[in-house]
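Trainee: One structure, pasted below without further comment.
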Amino acid sequence: MDKLDLGIIGVGHLGSIHARLAAQSEKINLVGVFDLDQERAEKAARDSSTECFRDMHALLEKVQGVSIVVPTSEHHSVALKALDYGCHLFLEKPIASSVDQARDIVQKAREKNRKIQVGHIERFNPAILAIKDHPLKPMFIEAHRLSTFNPRGCDVSVVLDLMIHDLDLILYLVKSPVTHVDACGVAVVSREEDIANVRLKFASGCVANITSSRIALSPMRRMRLFQQNQYIALDFQEKKADIFKLTDQDTIPDPGCKPAVVSRIGVGDNARDVIYEKPSPPEVNSLQMELEEFAKAVVHDLEPEVPGEQGLMALETAANILEQIARP
């Protein structure tokens, strides 16, 4: 087996993109698509040159894995049904509507020995991939994720809509338990929070300050990491990373970077250079890459890039934040 037999469940705006990219992949055999909206399913099937299934169970019988791109409220029921058929799961973020539902999915997948990959797409952003091999031990992180208003997604808090991307990234980068949460948020144009600010403290001593808004005048997706003698700036929108290092004059720069001395601090024997390095980000389609990494994990029995347990951890952190916001 060198390809994953994959089905797509839910072919709205994002699911139709899943289908098109899966159809183009050399690592995936797109078996078919299913959607409750038959007209939409037929169009997605035509566009991706695959079969349109009128019954979800018929599709589940023919595939090894499914990409579940239905509303988050339906993740739990669809994922459990797919696991009943022995399917591996690619679940769009967040993994489920509630922590209890997410735990159900993760537990059942573990019992069935099935893999879960959660669609936290920013893990595959070229800006993150550019620093993947860079030594990281952040002590302070600042993240801003702002978007202009779009009614799609406003049925949930901005914490679950936007901030969860940064929560997943920060948990992945810090690799330490959260020990304290301070959070505030307000609803401005919808019934759920449209803007939120969170401060997380970790057992490692790291502090993360996160702001998310879906009522900004212009979009922004940036993160700044501060660690001993280093400052790393990530721009997910521009897909780039910039690294500034305070270093001894004879320090060898990271491979693959273009170093330049931008200033000097101190004098004489105590002088240290500030070096600017620009890692070369890979040119990838992030969504196609995460689908192909899921296929690779199933075909070669590897750990998925974003396993279900990590999707659960991000959701648990988001739920804790929402509890803090709800407190009077």
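Trainee: Given the whole protein assembly as supplied and a 1.4 Å probe, what does the accessible area of residue 155 come to in Å², nearest 10?
Mentor: 120 Å²
Trainee: Also, I was wondering about something else. In percent, how large is the relative contact order of the chain, given Cα pairs closer than 8 Å and 6 or more residues apart? All intermediate terms of the calculation are to be shown ahead of the outcome.
Mentor: Numbers: 707 pairs, mean separation 60.4, N = 328.
Result for the chain is 18 percent.
Trainee: Would you mind telling me the antiparallel percentage of the DSSP bridges in the chain, rounded to 5? Present the calculation step by step, with values, prior to reporting the outcome.
Mentor: Numbers: 45 of 72 bridges.
So the antiparallel bridges amount to about 60 percent of the total.
Trainee: All other residues with a Cβ under 13 Å from the Cβ of residue 168 taken together, and with Lys, Arg as +1 and Asp, Glu as -1, what is their net charge?
Mentor: Working: positive: 93, 123, 145, 175; negative: 92, 122, 166, 290, 305, 309, 316.
Around residue 168, the charge tally is -3.
Trainee: Over region 37-171, with every protein chain in place, what whole percent of the accessible area is carbon and sulfur at 1.4 Å, could you tell me?
Mentor: Details: 2690 of 5770 Å².
Of the solvent-accessible surface of region 37-171, carbon and sulfur hold 47 percent.
Trainee: Please compute the Cα-Cα pair-distance distribution of region 141-216 with 5 Å bins starting at 0, giving whole percents from short to long.
Mentor: Here the calculated profile for region 141-216 is 4, 17, 29, 22, 14, 9, 5, 1.
Trainee: Rolling a 1.4 angstrom probe over the protein chains, ignoring ligands and nucleic acids, what is the accessible area of residue 276 in square angstrom, nearest 10?
Mentor: So the heavy atoms of residue 276 present about 60 Å² to solvent.
Trainee: Over region 185-250, what percent of the accessible surface lies on carbon and sulfur atoms, probe 1.4 Å? Show your work: numbers first, answer last.
Mentor: Values: 1540 of 3350 Å².
Percent of accessible area from carbon and sulfur atoms in region 185-250: 46.
Trainee: In what order, largest first, do 191, 54, 224, 123 sit by accessible area if the probe radius is 1.4 Å?
Mentor: Values: 191 230, 54 175, 224 95, 123 20 Å².
The residues order as 191, 54, 224, 123, largest area first.
Trainee: Based on the alpha-carbon gyration tensor of region 89-182 and its eigenvalue square roots a ≥ b ≥ c, which shape applies: rounded if a/c is under 1.5, prolate if not and a/b is larger than b/c, or oblate? Intermediate values should be presented prior to the final figure.
Mentor: Values: a/c = 1.57, a/b = 1.15, b/c = 1.36.
Oblate shape, in that a/c is at least 1.5 and b/c is the bigger or equal ratio.
Trainee: Give me the percent relative contact order of region 45-91, please, defined on Cα pairs under 8 angstrom at least 6 residues apart.
Mentor: Values: 37 pairs, mean separation 17.8, N = 47.
This gives 38 percent for region 45-91.
Trainee: Further question on the same structure: Grab region 4-153 and count how many Lys pairs have their alpha-carbon atoms under 25 Å apart, sequence gap of 8 or more, or different chains.
Mentor: Lysine pairs meeting the criterion: 24.
Trainee: Radius of gyration and Dmax for region 3-64's Cα atoms, expressed in Å?
Mentor: In order Rg, Dmax, the Cα atoms of region 3-64 give 10.1, 28 Å.
Trainee: Just the number please: accessible area per residue for the chain, 1.4 Å probe, all protein chains included, in Å².
Mentor: Details: 15860 Å² over 328 residues.
In whole numbers, the chain has 48 Å² accessible per residue.
Trainee: Here is a follow-up. From largest accessible area down, sort 61, 309, 290; use a 1.4 Å probe on the protein chains.
Mentor: Values: 61 135, 309 85, 290 0 Å².
So, going from the largest accessible area down, we get 61, 309, 290.
Trainee: Please give the net charge around residue 99, taking every other residue with its beta carbon less than 12 angstrom from that of residue 99, where Lys and Arg add +1 and Asp and Glu add -1.
Mentor: Details: positive: 103; negative: 100, 104, 316, 323.
It works out to a net charge of -3.
Trainee: So if each residue of separation counts as 0.36 nm, and I subtract the Cα-Cα distance between residue 186 and residue 39, what length gain in nm does that give?
Mentor: Numbers: separation 147, 0.36 × 147 = 52.92 nm, distance 3.81 nm.
Result for the pair: 49.1 nm of gain on full extension.
Trainee: Looking at region 184-244 from every direction and averaging, what is the projected area of its Cα convex hull in nm²? Mind showing how you got there, number by number?
Mentor: Details: hull surface 22.2 nm².
For region 184-244, averaging the hull's shadow over all directions gives 5.5 nm².
Trainee: Hey, another quick one. Note down the Stokes-Einstein diffusion coefficient of region 1-147 in µm²/s, whole number, using a Kirkwood radius over alpha carbon pairs, 4 °C, and 1.567 mPa s. Each step should come with its number before you reach the end.
Mentor: Details: Rh = 16.4 Å.
Roughly 79 µm²/s, to the nearest whole number.
Trainee: For residue 211, what accessible area in Å² do you get when you roll a 1.4 Å probe over the heavy atoms of the protein chains, rounding to the nearest 10?
Mentor: 30 Å²
Trainee: Among residues other than residue 204 whose Cβ falls under 11 Å from its Cβ, what is the net charge (Lys/Arg +1, Asp/Glu -1)? Don't skip to the answer; put the middle values down first.
Mentor: On the way: positive: 137, 175, 201; negative: none.
Cβ neighbours under 11 Å give a net charge of +3.
Trainee: Further question on the same structure: What percent does the relative contact order of region 163-219 come to when contacts are Cα pairs within less than 8 Å and at least six residues apart? Don't skip to the answer; put the middle values down first.
Mentor: Working: 80 pairs, mean separation 17.3, N = 57.
It comes to 30 percent, rounded to a whole number.
Trainee: So if I take the centroid of the Cα atoms in region 40-84 and the same for region 114-182, what is the distance between those two points in Å?
Mentor: The distance from the Cα centre of region 40-84 to that of region 114-182 comes to 27 Å.
Trainee: Now for a different question. I need the phi-derived Karplus couplings for region 27-40: 6.51 cos²θ - 1.76 cosθ + 1.60, θ = phi - 60°, integer Hz, Gly and Pro marked x.
Mentor: 9, 10, 9, 6, 7, x, 10, 9, 8, 4, 7, 4, 5, 5
Trainee: With a 1.4 Å probe and all protein chains in place, put 3, 62 in order of accessible area, largest first. Write down the numbers at each step before the final one.
Mentor: Details: 3 85, 62 120 Å².
If we order 3, 62 from most to least accessible, we get 62, 3.
Trainee: Using a ≥ b ≥ c from the Cα gyration tensor of region 67-108 (square roots of the eigenvalues), is it rounded, prolate or oblate, where a/c under 1.5 gives rounded and otherwise the larger of a/b and b/c decides, a/b for prolate? Don't skip to the end; give the middle numbers.
Mentor: On the way: a/c = 1.77, a/b = 1.19, b/c = 1.49.
Since a/c reaches 1.5 but b/c is at least a/b, the shape of region 67-108 is classed as oblate.
Trainee: If you don't mind, another one. By how many degrees, between 0 and 90 and to the nearest 10, does the Cα long axis of helix 13-24 differ from the longest principal axis of the chain?
Mentor: Helix 13-24 sits roughly 90 degrees off the main axis of the chain.
Trainee: Still on this structure, I have one more. Could you check how many percent of all C-alpha pairs in the chain are farther apart than 35 Å?
Mentor: Working: 14186 of 53628 pairs.
Here the long-distance tail beyond 35 Å is 26 percent of all Cα pairs in the chain.
The values are calculated or read from the model by the stated rules, or taken from the named source; none is laboratory data. The shown structure was predicted, so the numbers you read here are calculated from the model rather than taken from an experiment. Here Cβ is always computed from backbone atoms with ideal geometry, including for glycine, and neighbour counts include all displayed protein chains. Please note that ligands, DNA and RNA were not included when accessible areas were found on the heavy atoms of the full protein model with its side chains. Shrake-Rupley method; radii C 1.70, N 1.55, O 1.52, S 1.80 Å.
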